[in-house]
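Enquirer: I have a structure here, written as structure tokens, and I will follow up with some questions on it.
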Amino acid sequence: MYIEAKELSKIYGKGENQVTALDRVSMEIAPGEFISIMGPSGSGKSTLLHLLSGLDRPTSGTLAYDGRDIYSFTDKELSAFRRRRIGFIFQQFHLLPVLTARENIVMPLLLDKKQPDEAYLDRLTQMLGIRERLSHLPHELSGGQQQRVAIARSLAAKPDIIFADEPTGNLDSKSGGEVMELLKSVSGEMEKTLVVITHDSRVASMAGRRLSIVDGRLLEVTEG
Ligand code: ADP
Ligand code: MG
């Protein structure tokens, strides 16, 4: 999928309390790209990711997926589109504590009344090294394993693109590194587009294209 954002802005609050979280951000994302976006706390990273993934709507600006303006969708159409085409990985994993790893992974499919593709799930969980952990509850898994379950969940519905918001932010440096290597190799092998928000320069440097955001303005990072 080819994604084109034009002049996306997000303003929170009114009057004196007004905050411009995102200021006229334009960008294009080509199919299969791996993009990292770095920036300090409060610079607008999560706001941008929520807008790009249709989790939220902008104050102004447009967003097209293969030429279709997704903010023109109703909330219901937008959430169906997100469930089918977009995977999301959060810093805090957001696994449901009463469900096993496997139940968490297939949850997005069940919400869409779809049957899991068992061969695909088998390959996915094998690649992520969690196939022997599928009957465990989240609290029986390490942080790194929980995030790998969340990666499998984000890919369960075979989306075109994965957005990850500080996926290693809750992990120690070793397991964070392992999780990023796996996320990169799985999404590369499955030809997914990957957009990762991070404030870790090691994570950012794994990407094919690096962007940075400062005070809601997006900049391309050039090497050198
Ligand atoms: P980051 O992810 O880079 O830390 P955010 O995108 O979460 O930054 O936030 C950008 C700015 O917008 C911050 O100043 C934050 O306080 C503000 N902000 C984010 N969400 C809201 C909200 N729901 N209401 C009001 N202000 C918000
Ligand atoms: Mg954030």
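What follows draws every value from the coordinates through simple rules; no lab data is involved. Not measured: the values here are computed from a predicted model. Heads up, the Cβs are rebuilt from the backbone with ideal geometry, glycines too, and the neighbour counts pull from every protein chain shown.
Enquirer: Loop-only trypsin sites (Lys or Arg not before Pro) in the stretch 1-87, please: DSSP not H, G, I, E or B, and at most 12 other Cβ atoms within 10 Å.
Expert: Values: sites: Lys6, Lys10, Lys14, Arg24, Lys45, Arg68, Lys76, Arg82, Arg83, Arg84, Arg85; in loops: Lys14.
Sites meeting the loop and neighbour criteria: Lys14.
Enquirer: With N residues in the stretch 27-83, what two-decimal value do you get for its Cα radius of gyration over 2.2 N^0.38 Å?
Expert: 1.20
Enquirer: Quick one: which residues, 5+ away or cross-chain, put their amide H under 5 Å from the amide H of Phe34? H built at 1.01 Å from N.
Expert: Leu194, Gly208, Arg209
Enquirer: State, to one decimal in nm², a quarter of the convex hull surface area for the C-alpha atoms of the chain, i.e. the direction-averaged projected area.
Expert: Computed as one quarter of the Cα hull surface, the answer is 12.8 nm².
Enquirer: Taking θ as phi - 60°, what are the ³J(HN,Hα) couplings along the stretch 26-34 by the Karplus curve (6.51, -1.76, 1.60), each to the nearest whole Hz, with x for Gly and Pro?
Expert: After applying 6.51 cos²θ - 1.76 cosθ + 1.60, I find 10, 7, 10, 10, 8, x, x, 5, 10 Hz.
Enquirer: Same structure, new question: In Å, what Rg and Dmax follow from the Cα atoms of the stretch 149-224?
Expert: Cα only, the stretch 149-224: 12.8, 39 Å (Rg, Dmax).
Enquirer: Here's something else I'd like to know. Holding the Cα-Cα limit at 24 Å, pick out from Lys45/Lys114; Lys6/Lys114; Lys45/Lys184 the pairs that are longer than that. Please report the intermediate quantities before stating the final value.
Expert: Details: Lys45/Lys114 32 Å; Lys6/Lys114 34 Å; Lys45/Lys184 20 Å.
Those over the limit are Lys45/Lys114; Lys6/Lys114.
Enquirer: Starting from 0.36 nm per residue, how many nanometres of slack lie between Glu103 and Arg83 once their C-alpha separation is accounted for?
Expert: Working: separation 20, 0.36 × 20 = 7.20 nm, distance 1.61 nm.
In short, 5.6 nm is gained.
Enquirer: Compare Ile197, Ile151, Ile213 in a GNM of the chain, Cα atoms joined below 10 Å, and give the one with the largest fluctuation.
Expert: The residue with the greatest mean-square fluctuation here is Ile213.
Enquirer: Treating only the Cβ of Lys, Arg, Asp and Glu as charged (+1, +1, -1, -1), what charge dipole size does the stretch 75-224 show about its Cα centre? Round to the nearest 20 debye.
Expert: 340 debye
Enquirer: Kindly state, to the nearest 0.05, the FRET efficiency for Ser142 paired with Ser201, given R0 = 22 Å and r defined as their beta-carbon distance. Could you put the intermediate results ahead of the total?
Expert: On the way: r = 25 Å, r/R0 = 1.12.
It comes out at approximately 0.35.
Enquirer: At 222 nm, what helix-only mean residue ellipticity would the chain give, in deg cm²/dmol to the nearest 500, using -39500 (n - 2.57) for each DSSP H run of four or more?
Expert: The helix contribution divided over the chain gives -10000 deg cm²/dmol.
Enquirer: Taking 0.36 nm per residue of sequence separation and subtracting the Cα-Cα distance, how much length would be gained by fully extending the chain between Glu220 and Arg57, in nm to one decimal?
Expert: Using 0.36 nm per residue and subtracting the Cα-Cα distance, I get 56.3 nm.
Enquirer: Alpha carbon centre of the stretch 1-30 versus the stretch 90-168: separation in Å?
Expert: Spelled out, the Cα-based centre of one part sits 30 Å from the other.
Enquirer: Restricted to Cα positions, what overall size does the stretch 48-150 have along the principal axes? Three whole-Å values, descending.
Expert: 45, 27, 24
Enquirer: A follow-up question, please. When DSSP beta bridges are limited to those with both residues in the chain, what percentage is antiparallel, rounded to the nearest 5?
Expert: If we restrict to bridges inside the chain, about 50 percent are antiparallel.
Enquirer: Label Asn17 and Gln92 with points 7 Å out from Cα along Cα→Cβ: what is the distance between them in nm?
Expert: 2.1 nm
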